[in-house]
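J.: There's a structure below that I have some questions on.
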Amino acid sequence: MKKGLLESLQSYSESDFYPFHMPGHKRKLEKEPFAKICRYDITEIDGFDNLHKPESILREAQERAAKLYDSEETYYLVNGSTSGILSAVSTVASRAHTLIIARNCHRAVYHAAFLNHMKLHYVYPEMISEYDIAGPVTGDSLERSIKDILNMEKAENQKARELIAGVVITSPTYDGITSNVKEIADLVHAYGIPLIVDQAHGAHFGMHPAYPENAVKEGADIVIHSVHKTLPAPTQTALLHRNGTLTDKEILKKYLQIYQSSSPSYVLMAGMDEAVRIAVEEGYQRLDILLELRDSFLKEMEKCRHIRICQLTEPGKLIISVKGSSMTGQMLYDILRDRYHLQMEMASGSYVTAILSMMDSKEGMHRLTDALVQIDKEIVKREGQNRESEFAFRPDIALPMWDAYMASFKEIELSKADGETAAEFINLYPPGIPILVPGEVLDGEIIEAIQFYLESGYTVQGIFDHRIRVVQSSQLYQMEES
């Protein structure tokens, strides 16, 4: 492997060059850890290339990442996967104005559609009721959506490429459920439609046969990987891969310049390059060790009476379920954090999510095992105490998302919002998947679920002191009449 960005930054930090340039700390902060970090924190000076027109060291770094994932071209993202999703959706928006998305996509997909005034057509994954999680997107459900759009437009199959901008799915989901990307790619390509895969949680895919293949190799046109989620890279780092001829390279590059900082962090980019190096040189071995740790963990968890581990996920996720017991996901999350100092990724209604990566240790897995075995002894079985997943709802749509999000709104008590039209995104965070999208109608079941999350201590974004923003009735009538 050629000399990486990290080594180049280290060499420069040890030289006698004096910085009469940004950033203003001049590499002289004294307090740790900033003293170490700032030595590598530079701007686009001579010899260090420019991310928005890479010709040397950054181009080589991106090429190393492309080789790892077998991509035609790969772009560094220093504004996280969000900037990649915004850029990808904006790129296909130049083709048409209807976007087919899985309903459990991250809110960044919705924001991208909003910015481009796109019409959304949802594909709803079937629920896996045993664990209250969303299942995979199927080729059959996507084909039904394509045909529904064609029927509404009274168009033939060959017109699909003119009517549908693209398809966006998330695989793996936040819960570790994967879809058959190859089948889906083959299907949508037969209609001339590009496929965007938000594979933020699958940057480790394709590096070991026990894990799923990465979506680039499975035929997706644009794939986004959050390298910080499952590879040893700093927070906010991600990659975007583009392949094939169904998306425009030059349009994509324009949007990457729009949605990314013009002053990208060299610390973050060096972190990405180092993560790629570790994945190339040590990834298989580290993932192999992780599989052994996971297998030992699963064997020990068979002793539990109430806590169950979902076996349907890819190996990098643990869905730790307490469904059917007196405990909620949030309660388990709090106990693990407060009593055992184990910080989980997320709590949901009836489970918590833990992320495993190639950097996990035997000590960490043993601590989690011992804690869960002990907690299980304290749990009492009780039916009917857990709430359905936030992805199970299919609310009616009163207004297009753009109109509702830009409309005049009023704030009312959540308990009095039955029948009102949401003017704001409502979601748990994490994972940032909308329970309600602007323009969708609240009903009693949705209100009850949101109240449950609030009362159970979950972070619900879009609710302000038990009040919710809804579209003004007068504005709603005006839009309906127009």
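J.: Is it true that some residue in segment 67-75 is of a type in the set (A, V, I, L, M) and within 15 Å of SER261 (Cβ to Cβ)? Before the answer, list the steps.
T.: Narrowing segment 67-75 to residues of a type in the set (A, V, I, L, M): 68.
Remaining after also requiring within 15 Å of SER261 (Cβ to Cβ): none.
No: segment 67-75 contains no residue that is of a type in the set (A, V, I, L, M) and within 15 Å of SER261 (Cβ to Cβ).
J.: Still on this structure, I have one more. Within segment 123-142, how many residues turn out to be open to solvent by 60 Å² or more (accessible area, probe 1.4 Å) and not hydroxyl-bearing (Ser, Thr, Tyr)?
T.: Adding up the residues that qualify gives 4.
J.: Only one residue in VAL92, VAL78 is hydrophobic (A, V, I, L, M, F, W, C) and either surrounded by fewer than 23 Cβ atoms within 10 Å (Cβ to Cβ) or closer than 22 Å to VAL276 by Cα (or both). Which one?
T.: On the way: VAL92 fails: either surrounded by fewer than 23 Cβ atoms within 10 Å (Cβ to Cβ) or closer than 22 Å to VAL276 by Cα (or both).
Just a single option satisfies the conditions, and that option is VAL78.
J.: Let me ask something else. Which one of these does LYS3 not meet: (1) open to solvent by 40 Å² or more (accessible area, probe 1.4 Å); (2) more than 29 Å from ARG242 (Cβ to Cβ)?
T.: (2)
J.: What helices (runs of 4 or more DSSP H) completely inside segment 154-239 contain at least 3 residues that are modelled with pLDDT of 95 or more and not aliphatic (A, V, I, L, M)?
T.: 181-190, 227-230
J.: While we're looking at this one, here's another question. I need the full set of residues from segment 447-457 which are surrounded by fewer than 21 Cβ atoms within 10 Å (Cβ to Cβ) and touching a residue at least 12 places away in the same chain (Cβ under 8 Å), in order please. Can you show your working first?
T.: As a first pass, look at segment 447-457 and keep what is surrounded by fewer than 21 Cβ atoms within 10 Å (Cβ to Cβ): 447-449, 451-452, 454-457.
Residues satisfying the conditions are ILE447, ALA449, GLN451, PHE452, LEU454, SER456, GLY457.
J.: So, in segment 358-370, how many residues would count as being part of a loop (DSSP other than H, G, I, E, B) and surrounded by fewer than 16 Cβ atoms within 10 Å (Cβ to Cβ)?
T.: The number of residues fulfilling the criteria is 2.
J.: So in segment 17-59, with the set limited to residues that are in contact (Cβ under 8 Å) with a residue 40 or more places away in the chain and aromatic (Phe, Trp, Tyr), which one is most open to solvent (accessible area, probe 1.4 Å)?
T.: TYR40
J.: On the basis of being part of a loop (DSSP other than H, G, I, E, B) and of a type in the set (Lys, Arg), does LYS31 make the cut?
T.: It is true that LYS31 is part of a loop (DSSP other than H, G, I, E, B) and of a type in the set (Lys, Arg).
J.: Still on this structure, please answer the following. Given (1) out of contact with any Asp or Glu (no Cβ under 6 Å at 6 or more places or on another chain); (2) modelled with pLDDT of 95 or more, where does CYS304 come up short, assuming only one miss?
T.: Result: CYS304 fails condition (1) only.
J.: Quick check on HIS25: is it within 21 Å of TYR259 (Cα to Cα) and either touching a helix residue (DSSP H, G or I) at 6+ places or on another chain (Cβ under 8 Å) or at pLDDT 95 or above (or both)? Reasoning before the result, please.
T.: Working: within 21 Å of TYR259 (Cα to Cα): no; either touching a helix residue (DSSP H, G or I) at 6+ places or on another chain (Cβ under 8 Å) or at pLDDT 95 or above (or both): yes.
It is false that HIS25 is within 21 Å of TYR259 (Cα to Cα) and either touching a helix residue (DSSP H, G or I) at 6+ places or on another chain (Cβ under 8 Å) or at pLDDT 95 or above (or both).
J.: Looking only at residues that are of a type in the set (Gly, Ala, Ser) and within 29 Å of the chain's Cα centre (by Cα) in segment 402-435, which one is nearest to HIS117 (Cα to Cα)?
T.: Applying the filter and picking the extreme gives ALA404.
J.: For THR247, indicate whether it is β-branched (Val, Ile, Thr), touching a residue at least 60 places away in the same chain (Cβ under 8 Å), touching a Ser or Thr at 6+ places or on another chain (Cβ under 6 Å) and open to solvent by less than 40 Å² (accessible area, probe 1.4 Å).
T.: Spelling it out, THR247 is indeed β-branched (Val, Ile, Thr), touching a residue at least 60 places away in the same chain (Cβ under 8 Å), touching a Ser or Thr at 6+ places or on another chain (Cβ under 6 Å) and open to solvent by less than 40 Å² (accessible area, probe 1.4 Å).
J.: Hey, another quick one. Checking the condition open to solvent by less than 70 Å² (accessible area, probe 1.4 Å), assigned to a helix (DSSP H, G or I), modelled with pLDDT of 95 or more and more than 17 Å from VAL373 (Cβ to Cβ), which residue from ARG294, ARG337, ARG277 passes?
T.: Among ARG294, ARG337, ARG277, only ARG277 is open to solvent by less than 70 Å² (accessible area, probe 1.4 Å), assigned to a helix (DSSP H, G or I), modelled with pLDDT of 95 or more and more than 17 Å from VAL373 (Cβ to Cβ).
The values are calculated or read from the model by the stated rules, or taken from the named source; none is laboratory data. Model, not experiment: these values are computed from the prediction. Neighbour counts run over all protein chains shown; Cβ positions are idealised from the backbone, glycine included. Accessible surface is based on the protein model in full, side chains and every heavy atom, while ligands, DNA and RNA are left aside. Shrake-Rupley method; radii C 1.70, N 1.55, O 1.52, S 1.80 Å.
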